[in-house]
Amino acid sequence: MGGWTAADIPGLRGRRAVVTGANSGLGYHTALQLARHGAAVTLACRSVERGQAAFDRIRAAVPDAELELVPLDLADLASVRAFARRQADEPLDLLVNNAGVMALPKRTTADGFEMQFGTNHLGHFALTGLLLPALRAAAAPRVVTVTSAIAWTGRIRFDDLQGERSYNPWLAYGQSKLANLMFTRELARRVPDVTSVAAHPGYASTNLQAAGPRMAGRPLMERLAAVGNVVIGQSAAMGALPSLYAAVMPDVTPGACYGPRFFQYRGSPAKVITPPQANSLETARRLWEVSEKLTGVAY
């Protein structure tokens, strides 16, 4: 896998893909490269305005791209259900669960969930379950769920999943990203006819780093995040490579995670080790059951 780049993506003509959070960052570059290699891509974006801007940029770069822009707010289960209904009529080859929020001040979703757990995990859990018939109608369906190296700090706090008793932005983020990993593995175990894979970008320069400090009214931390993106981070295009590898290459391992090869920090994609707490079958089973109950989506 040494040196794998977007130029190594095989032809995707005839395949249909959905990318959540496709308006910027990793999602934009994932959607761009899928479209560039022939896939019909649905940009699933919370902001129609920003989604349209991304749509126009991809169209300018790939004039013959087969694109669709559909509103999707993962922090609102009604929006998730409406999106899934629109996508149910034809087979879906690829779902990239990319959208996410990071280290926000305490917020709740439209359904009352803690925002990071609700958006990053529960929204994608519900979306994947609702799209499962469309995925199973495809010849070789695949689901890629984007996690983070922060999952190593994560713990599923069943006694306070929504951070109601105690809330720390980074602990909540770590929990949501560990949940992404556990969902990936449990989906692979429960639904073996759909290839379920995880990916993470390492330290990629996106707008996520500054969003939390901006919302918290901490301009110094926002500036430090911007400096870190320039000095430390790799580009969003590089950060998207593990997601793209997981999405298109034939040799991926179901339930595995792909990330940057150099200390899971930067570089071309490789299969990477994951935190030991992600291996607990009992925790994964319990998280799945809780997620079904909270979302009302049963697989």
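Within segment 180-200, being buried (at least 24 other Cβ atoms within 10 Å of the Cβ), aliphatic (A, V, I, L, M) and over 20 Å from ARG157 (Cα atoms) holds for LEU187, VAL197, ALA198, ALA199. For segment 10-44, which positions are surrounded by fewer than 22 Cβ atoms within 10 Å (Cβ to Cβ) and either more than 19 Å from the chain's Cα centre (by Cα) or on the phi > 0 side of the Ramachandran plot (or both)? If the condition is that a residue be surrounded by fewer than 22 Cβ atoms within 10 Å (Cβ to Cβ) and either more than 19 Å from the chain's Cα centre (by Cα) or on the phi > 0 side of the Ramachandran plot (or both), then PRO10, GLY11, LEU12, ARG13, GLY14, ARG36, HIS37, GLY38 are the ones that fit. Pairs are defined by a Cβ separation below 8 Å, a sequence spacing of at least 6 or placement on different chains, a first member in segment 132-161 that is of a type outside the set (S, T, N, Q), and a second member that is open to solvent by 30 Å² or more (accessible area, probe 1.4 Å) and assigned to a strand (DSSP E or B); the pairs so defined are ALA140/THR195; PRO141/THR195; ARG142/THR195; VAL143/THR195.
Out of everything in segment 92-102 that is part of a loop (DSSP other than H, G, I, E, B) and modelled with pLDDT of 95 or more, what residue ends up being least open to solvent (accessible area, probe 1.4 Å)? Let's see the steps before the verdict.
As a first pass, look at segment 92-102 and keep what is part of a loop (DSSP other than H, G, I, E, B): 92-93, 98-102.
Subsequent filtering for residues that are modelled with pLDDT of 95 or more retains 92-93, 98-101.
Working: LEU92: 0, ASP93: 23, ASN98: 22, ALA99: 19, GLY100: 29, VAL101: 36 Å².
Ranking the qualifying residues of segment 92-102, first place goes to LEU92.
Exactly one residue out of ALA54, ALA151, ALA60, ALA82 is part of a helix (DSSP H, G or I), more than 27 Å from ALA236 (Cα to Cα) and small (Gly, Ala, Ser): that is ALA82.
Tallying residues that are surrounded by 15 or more Cβ atoms within 10 Å (Cβ to Cβ) and under 20 Å from the mean Cα position of the chain (by Cα) within segment 163-179 yields 10. Just one of the listed residues (ASP73, ASP89) is at pLDDT below 95 and within 23 Å of LEU34 (Cβ to Cβ), namely ASP89.
Would you pick out the residues in segment 110-128 that are more than 13 Å from the chain's Cα centre (by Cα) and open to solvent by 10 Å² or more (accessible area, probe 1.4 Å)? Across segment 110-128, the qualifying residues are ALA110, ASP111, GLY112, PHE113, MET115. Among the candidates ALA60, ALA78, ALA53, the residue that is surrounded by fewer than 22 Cβ atoms within 10 Å (Cβ to Cβ) and either closer than 30 Å to GLN162 by Cα or touching a residue at least 60 places away in the same chain (Cβ under 8 Å) (or both) is uniquely ALA78.
The values are calculated or read from the model by the stated rules, or taken from the named source; none is laboratory data. Everything numeric in this text was worked out from a predicted model, so none of it was measured. Neighbour counts are summed over all protein chains in view; Cβ atoms, including those assigned to glycine, are modelled from backbone coordinates with ideal geometry. Accessible surface areas use protein heavy atoms only, side chains included; no ligands, DNA or RNA. Shrake-Rupley method; radii C 1.70, N 1.55, O 1.52, S 1.80 Å.
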